[in-house]
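Asks: My questions all concern the structure below.
The values are calculated or read from the model by the stated rules, or taken from the named source; none is laboratory data. Being a predicted model, the structure only gives us computed values, none of them experimental. Note that each Cβ is placed from the backbone with ideal geometry, even for glycine, and that neighbours are counted across all protein chains shown. Keep in mind that these areas ignore ligands, DNA and RNA; they rest on the heavy atoms of the full protein, side chains included. Shrake-Rupley method; radii C 1.70, N 1.55, O 1.52, S 1.80 Å.
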Amino acid sequence: TPLDTRIELFAFDDSPAQLIDTEQGMTALGSLLRYELLQDRSDLIGEPAILLMNDMRTSSQHLWIAGQDGTGGADGIGSMESTNDKQDRTTLTWTEGVDFSFDSSGGEEQGTLKEVICNGNVVLSDQGNFINCESLTVSFASDGNGSSSPTSAIATGGVKAISASQTLWADE
């Protein structure tokens, strides 16, 4: 029934469970993929679980999204890396998890990314530049086409920003 439907896909010893959504441009790989209809919640668990979407590869032991609540996260150690063909790829790593929030207003912006908060020994690298901090909060704005783009990023806690010509230390 709609009140208790749950779908689970399990990995084989030699092959991960795999979900491919061509409409969303997404592939998920893990030891367990679970979707709970009533809560509109998806869980991806693995060693690591891998989500490929929008030219980004995200990996963690547990990735989840609760569509009804407009929340999601990556538990524990993880990383995000651009998968485009550029030589200098953007990478983001963390040790204490990530919290995602999505627009759940019910309007045209429904489901677009609003905020990402990375916690614990966060390292962001892009084109030879680095930011190290304890927490990184990235805010996003909807582009009106069902996607969102970053608008600001705030690094806090022992911030160290490094480029080829300078190093900056700050609390925020």
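Asks: Would you work out the charge dipole size for the chain about its Cα centre, treating the Cβ of every Lys and Arg as +1 and the Cβ of every Asp and Glu as -1, and quote it to the nearest 20 debye?
Replies: 340
Asks: Can you give me the % of accessible surface on the chain that is carbon or sulfur? Probe 1.4 Å, all protein chains present, nothing else counted.
Replies: Roughly 50 percent of what the probe reaches on the chain is carbon or sulfur.
Asks: Accessible area per residue, 1.4 Å probe, Å², for segment 34-172: what's the number?
Replies: 58
Asks: Continuing with the same structure: Dipole of the chain (Lys/Arg Cβ +1, Asp/Glu Cβ -1, origin at the Cα centre): which of ILE117, LEU44, LEU136 lies farthest to the positive side?
Replies: LEU136
Asks: State the extension gain, in nm to one decimal, for the chain segment bounded by THR156 and LEU9, taking 0.36 nm per residue of separation less the distance between their alpha-carbons.
Replies: Fully extending the segment from THR156 to LEU9 adds 49.1 nm.
Asks: Once phi is turned into ³J(HN,Hα) by the Karplus curve 6.51 cos²θ - 1.76 cosθ + 1.60 with θ = phi - 60°, what whole-Hz value does each residue of segment 35-46 show in order, with x for glycine and proline?
Replies: 10, 10, 4, 4, 8, 6, 10, 10, 10, 10, 10, x
Asks: So for each of 40-48, 124-132 I average, over its residues, the number of other beta carbons within 10 Å; can you give me the resulting order with the highest mean first?
Replies: Going from most to least packed, we get 40-48, 124-132.
Asks: Arranged from highest to lowest average of other beta-carbon atoms within 10 Å per residue, in what order do the peptides 154-160, 117-123 appear? Display every interim value, and only then the final one.
Replies: Values: 154-160: 15.9, 117-123: 19.1.
Highest-to-lowest ranking by the protection proxy: 117-123, 154-160.
Asks: Something else now. Please sort 91-101, 162-172 by packing, taking for each peptide the average over its residues of neighbouring beta carbons within 10 angstrom, highest first. If you can, show how the numbers build up before the last one.
Replies: Working: 91-101: 18.2, 162-172: 9.6.
The peptides rank, most packed first, as 91-101, 162-172.
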